[in-house]
Amino acid sequence: MTLRLVEPEPRHTEGWRRWRTDPDSRRFMALPAGDLSAWAKKLAKAKTDLADRTGGLYRWMAEDDGVPVGSVSLSSVDWNHLSGEVGYVIAPEMRGKGYGRAMAEAALALGFAGELERITAYICTDNPASIGLAERLGFQREGLLRRHAVIEGARRDHYLYGLLKEEWKTPLATG
Ligand SMILES: CC(C)(COP(=O)(O)OP(=O)(O)OC[C@H]1O[C@@H](n2cnc3c(N)ncnc32)[C@H](O)[C@@H]1OP(=O)(O)O)[C@@H](O)C(=O)NCCC(=O)NCCS
């Protein structure tokens, strides 16, 4: 695997929408509204350089040998509190192969190098893959948020996970 995080480009839009609209993603993540052009605009709006602190949304596409396999974001970044929220999706046919972990590790490394001190994740209580990934990355479960968000018309319970900069181990150190 030679995973690289790259800047989102218009060519990524259709794949990203496909990954986000597959049944498992829809069960666990609220869907952005709108047609393909709205998705393209959303993709174009995200920044990739954490040195640019004029916004709160950073997103990267993960490519293995040039093939897009997933997308990872740091959103709700608050530069006063040096905190943000990680979000991730892997192409359905690529799940369970280690891409999620490699991709999220790369984004967390960027986040912490970019001076964030706390990164959170909100995860549906019945999403074992995302819970498994977050815990593998070292996130700690900090609480249960009852009926936290509406997904597919239903209010869903979420776990709040948190990872502090001082707890973060580099990918090499975690082995
Ligand atoms: C969550 C998601 C990104 C995980 O990506 P992935 O590439 O399948 O995960 P990986 O293969 O890198 O696995 C990483 C860790 O997660 C755990 N994991 C992955 N799938 C799992 C599953 N179905 N059940 C339990 N644990 C699982 C594994 O234990 C693995 O740890 P390991 O390195 O010790 O083996 C992927 O399943 C996905 O895109 N799901 C749909 C979208 C989604 O739910 N996003 C998160 C919303 S909060």
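The values are calculated or read from the model by the stated rules, or taken from the named source; none is laboratory data. Here the structure is a predicted model, which is why all the values come from computation and not from measurement. Methodologically, a virtual Cβ is constructed for each residue, glycine included, from the backbone with ideal geometry; neighbour enumeration extends over all protein chains shown.
For the reader, a short list of remarks on this structure follows.
- Qualifying position, being away from the ligand (no atom under 14 Å from the Cβ), surrounded by 13 or more Cβ atoms within 10 Å (Cβ to Cβ) and of a type in the set (Gly, Ala, Ser), among Ala33, Ala46: Ala46
- Pair list, Cβ < 7 Å and 6+ apart or interchain, from region 121-133 residues that are within 6 Å of the ligand (Cβ to nearest atom) and at pLDDT 95 or above to residues that are outside any helix (DSSP H, G or I) and aromatic (Phe, Trp, Tyr): Ile123/Tyr159; Ile123/Tyr161
- Total residues in region 49-68, condition surrounded by fewer than 18 Cβ atoms within 10 Å (Cβ to Cβ), without any contact (Cβ under 8 Å) to a residue 60 or more places away in the chain, under 24 Å from Phe112 (Cβ atoms) and not aliphatic (A, V, I, L, M): 6
- Number of positions in region 7-30 that are surrounded by 15 or more Cβ atoms within 10 Å (Cβ to Cβ) and away from the ligand (no atom under 12 Å from the Cβ): 5
- Taken together, the criteria place Asn80 among residues that are of a type in the set (S, T, N, Q) and more than 20 Å from Arg141 (Cα to Cα).
- With respect to the conditions (1) in contact with a helix residue (DSSP H, G or I) (Cβ under 8 Å, 6 or more places away or on another chain); (2) more than 26 Å from Arg156 (Cα to Cα), Arg53 falls short on a single one, namely (1).
- Being at pLDDT 95 or above, in a loop (DSSP other than H, G, I, E, B) and over 24 Å from Arg155 (Cα atoms) is a condition met by no residue of region 99-112.
- Residues of region 1-29 that are among the basic types (Lys, Arg) and closer than 21 Å to Asp64 by Cα: Arg4, Arg11, Arg17, Arg18, Arg20.
- Summed over region 85-99, the residues that are more than 6 Å from the ligand (Cβ to nearest atom) and either surrounded by 20 or more Cβ atoms within 10 Å (Cβ to Cβ) or under 14 Å from the mean Cα position of the chain (by Cα) (or both) give a count of 4.
- Enumeration of residues in region 78-98 that are closer than 23 Å to Arg18 by Cα and part of a strand (DSSP E or B): Glu85, Val86, Gly87, Tyr88, Val89, Ile90
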